[in-house]
Amino acid sequence: MADEAEIRHAKGTGWRFVYQTLHDEILSLALEPGALLDETTLAERFGMSRSPIREALIRLSGDDLVVTLSNRSTIVAPIDVLSFPKYVEALDLAQRMNTRLAAELRSEADLKAIAARQKEFEAAVKSGNHLLMSEANKQFHMAIATAGRNPYLAAFYERLLNQGRRMLHLHFDYIERSNDSYLLTDEHTEMLEAIRARDVERADALAHAHTRQFRDNFIEFMKENYSQNFSFVGK
């Protein structure tokens, strides 16, 4: 019985390890959008059967990080730049609503949690590790959403933050190359102070500006790296 339990634990650990490894490689763009994820090749890479590989891919699909094509092959989900304006529109609304609510409803415990997440984000920025930065950024904004006391808006916001993490890496890259990395931490600090002061309108304005900066930097990155005439409908 003990051996069977150990086998079950090993199998569970197997797919989780594959999932987390591929998850991080996709978010960090080490695995590029559109890259083929062949089960046999992955099984050889991780030294395990195809079953845990398949389970990991199913869970990554649930995160919208991989897609299965009509021929049943699996690829890293493309970044749909044509839908970017609609994505930013939704992100802006979610970010502003959650931040407004946080400024109105936050407790002292919420402020401590948001401040702690901001410290973690600052440390991640200093490390220069984009994967750590995107995770810390998400946790900072989710601490704000928690302070807003609306689980439906928070869940919607979290999904949008997850969907945008690969684009956020490009945003980080652009800011670092333009020597404006101080903006990453300064904007968060200003948002925290507006929430602390219960200044709902300023919190709203800062959240909106935060989204605009992300939008503008992503567009500039695409222009510089992919086309001199790159444009978005609805910009």
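Any read-out appearing in this document is the output of simple, stated calculations on the displayed coordinates, not a laboratory observation. Nothing here was measured: the structure is a model prediction, and the numbers come from that model. Cβ coordinates were reconstructed from backbone atoms using ideal geometry, including for glycine residues, and neighbour counts include every protein chain displayed.
Points worth noting:
- Cβ-to-Cβ counts within 10 Å put His210, His169 in ascending order as His169, His210, the fewest first.
- Free of any chymotrypsin sites (Phe, Trp or Tyr not before Pro) that DSSP assigns to a loop and that have at most 16 other C-beta atoms within 10 Å, the longest stretch within the chain is 1-229.
- When the alpha carbon gyration tensor of the range 118-169 is reduced to an equivalent ellipsoid, the three semi-axes, largest first, read 21, 13, 4 Å.
- Computed over every Cα-Cα pair of the range 2-76 and binned at 5 Å starting from 0, the pair-distance distribution P(r) comes out as 3, 17, 27, 26, 15, 6, 4, 2, 0 percent.
- Taking label points 7 Å from Cα along the Cα-to-Cβ direction, Glu220 and Glu193 give a separation of 2.3 nm.
- The mean sequence separation of alpha-carbon pairs under 8 Å and at least six residues apart, normalised by the residue count of the chain, gives a relative contact order of 22 percent.
- Label zone of Ser127 (point 7 Å out along Cα→Cβ, amide N under 19 Å): in the range 26-40 this covers 26-31.
- Among the listed values (1) 15.7; (2) 32.8; (3) 14.3, the one computed from these coordinates for mean projected area of the Cα convex hull in nm² is (1).
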